[in-house]
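The values are calculated or read from the model by the stated rules, or taken from the named source; none is laboratory data. Note that the structure is predicted; figures quoted are calculated from it, not measured. Cβ placement follows ideal geometry from the backbone for every residue including glycine, while neighbour counts extend to all protein chains displayed.
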Amino acid sequence: MIGRDPGLQPERTLLSWQRTGWSMLVPAVLCLRGWSHTGDALYALTSLLLFAGTIMLLSARARGRHYAISLIVTIACGMLGIMLIKMYLAIPR
């Protein structure tokens, strides 16, 4: 029986966290764009949180601190949800 290479799983985990970091840039840029159009502070704060999470994920300092990244992503998603509800309620009927 051939033994498993113990280096593959950590490499896959690292690559998945890097993909997560790069994918956080898209909503961060969109929030920054929303802030530039509306001036809403929630957009700016959410964008800053997502950029901070991206920097933490893509830098070496984030190793072993994935719980902090998860917290940042959860808070940012909650803020995006609040903005969506706020936009929905602002639509005249």
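When the stretch 46-80 is filtered for residues that are modelled with pLDDT under 80 and hydroxyl-bearing (Ser, Thr, Tyr), the ones remaining, listed by number, are 59, 67, 70. Every condition in (1) surrounded by fewer than 14 Cβ atoms within 10 Å (Cβ to Cβ); (2) touching a His at 6+ places or on another chain (Cβ under 9 Å); (3) of a type outside the set (A, V, I, L, M, F, W, C) is met by residue 38 except one, and the failing one is (2).
Quick check on the stretch 69-78: of everything there that is buried (at least 17 other Cβ atoms within 10 Å of the Cβ) and in contact (Cβ under 8 Å) with a residue 24 or more places away in the chain, which residue is farthest from residue 19 (Cα to Cα)? Ranking the qualifying residues of the stretch 69-78, first place goes to 76.
Pairs are defined by a Cβ separation below 6 Å, a sequence spacing of at least 6 or placement on different chains, a first member in the stretch 7-22 that is closer than 12 Å to residue 57 by Cα, and a second member that is in a helix (DSSP H, G or I); the pairs so defined are 17/57; 21/54; 21/57; 21/58. When residues in the stretch 6-35 are screened for being of a type in the set (S, T, N, Q) and surrounded by 11 or more Cβ atoms within 10 Å (Cβ to Cβ), 4 of them pass.
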